[in-house]
């Protein structure tokens, strides 16, 4: 029965700006799909929608059975659904309507959060989509909002972590209390000020993985320990703590880069926010919402070609990337329908390698392959080309790669001699380690360690070419190899010559 409701939502859902429009569309779909005689939906706050018979099959002379179903959120009524169906309908129809009422409650709550955010934060934040993963998030928010336990929102760069933090606060009993956000990458003030400002409300640490280690150590002085790690209660009025992170905090603790005590206090109500690539069914709704947010008519601008292209893209920067892409395409096409040629011209990385080359061929002949975020694996020559671009910081060439790959390669080209882990590099690229590894494999046909090794060897070649008198041991250490034997074996395997032979040839 749940699948029937999901099918209804996928068919009828659209991110309308106003709740009555969404309710009208959903109720009409319920009456049609359920072959009901009619229905009405009344919501707290005055929103009221009525829909007539599903079709001519339901004759007015046929007696009907009616039932009123409560729409509740966190055990509190938010409205009621009144439905009518012919007597010969089974109880399956009742279950269908009950499931529909349950899902309606979460959709209604989204618009309450939107209204709260517009009034308190100046931004009408609205969660968009109806996929199963998003529904699980909303169930989590419903339960977590009415608890004072700390909440930890984990997810890749560009996912809706900040929006969900606002939802947890605004759906809870302290929604009228303070909601204070701390930008952990560059925080203003000190922990004492943060907790004082948020007293009786919520303190949101946005990107707590970027909070400086000394500040991490200070936070326990102001938090109520639920594990009795410290006994003193800093304040009689407890402040709700919500934190978001892009990095794996457990791994950070193992690396000595995050406080183990602080993580233990935060990790009570934790959930992972799904990346956009795991929500293909929400792509169209997110495109529509983004276009209309920028003032464009989505019914005119959003084409099947655009939806298909976006459904195939992996979206490493998630909804942040979609916002940028949509804004760019809408502006550059002047609000006209967006076709594949427009994507190729203004956002070519959305296309796979084969599509990009085919679309570009009538316009210009290129000597090197077009590389995009969704590109097919490159040949070894091409991989060596991008390694060289990283060492020489060839921004023109690197700009053709996906943003995350470009950032990663630029960072490696500058910090190649330092001990770097995939997790640290992923932080610099603003994606998860797993997705950065996927990009290395799918686009560069290599993994992190061999790539770093290639960059170090490329830098060693550059040093030998510029100064043939440099000692091999010195060069080995300067590019990040701690073992001379390992350096010489790696150099021969990649270059085809020993370091000594290459130095002599370069001289």
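Side notes on the structure shown:
- Rounded to the nearest 0.05, the FRET efficiency derived from the C-beta distance between residue 10 and residue 119 at R0 = 35 Å is 0.65.
- With helices as the sole contributors, the chain gives -15000 deg cm²/dmol at 222 nm; each DSSP H run of n ≥ 4 counts as -39500 (n - 2.57), and the sum is divided by every residue.
- Helix 403-415 axis, angle to the chain major axis (alpha carbon atoms, nearest 10°): 30 degrees
- Rounded to the nearest 10 degrees, the angle from helix 2-12 to the longest Cα principal axis of the chain is 80 degrees.
- Protection proxy ranking, peptides 218-228, 416-426, 156-166, average beta carbon neighbours within 10 Å, highest first: 156-166, 416-426, 218-228
- Rounded tilt (10° steps) of 433-444 against the dominant C-alpha axis of the chain: 60 degrees
- Using a Förster distance of 41 Å, the FRET efficiency for residue 434-residue 478 (Cβ separation, nearest 0.05): 0.80
- The chain: C-alpha gyration tensor shape, a/c 1.5 cut-off, then a/b vs b/c: oblate
- Seen from a random direction on average, the alpha-carbon convex hull of the range 2-110 projects onto 6.7 square nanometres.
- Based on C-alpha pairs under 8 angstrom that are at least 6 apart in sequence, the range 190-249 has a relative contact order of 50 percent.
- Oblate is the label for the range 277-360, because a/c, from the alpha-carbon gyration tensor with a ≥ b ≥ c as root eigenvalues, is 1.5 or above and a/b does not exceed b/c.
- Scoring 445-457, 6-18 by mean Cβ neighbours within 10 Å over their residues and listing the highest first yields 445-457, 6-18.
- Most tightly packed first, judged by the mean number of other beta-carbon atoms within 10 Å of their residues, the peptides 467-478, 97-108, 338-349 read 97-108, 338-349, 467-478.
Each reported figure results from applying straightforward, stated rules to the coordinates on display, with no laboratory input. For clarity, every value in this text was computed on a predicted model and none was experimentally measured. Note: ideal-geometry Cβ built from the backbone for every residue, glycine included; neighbour counts use all protein chains shown.
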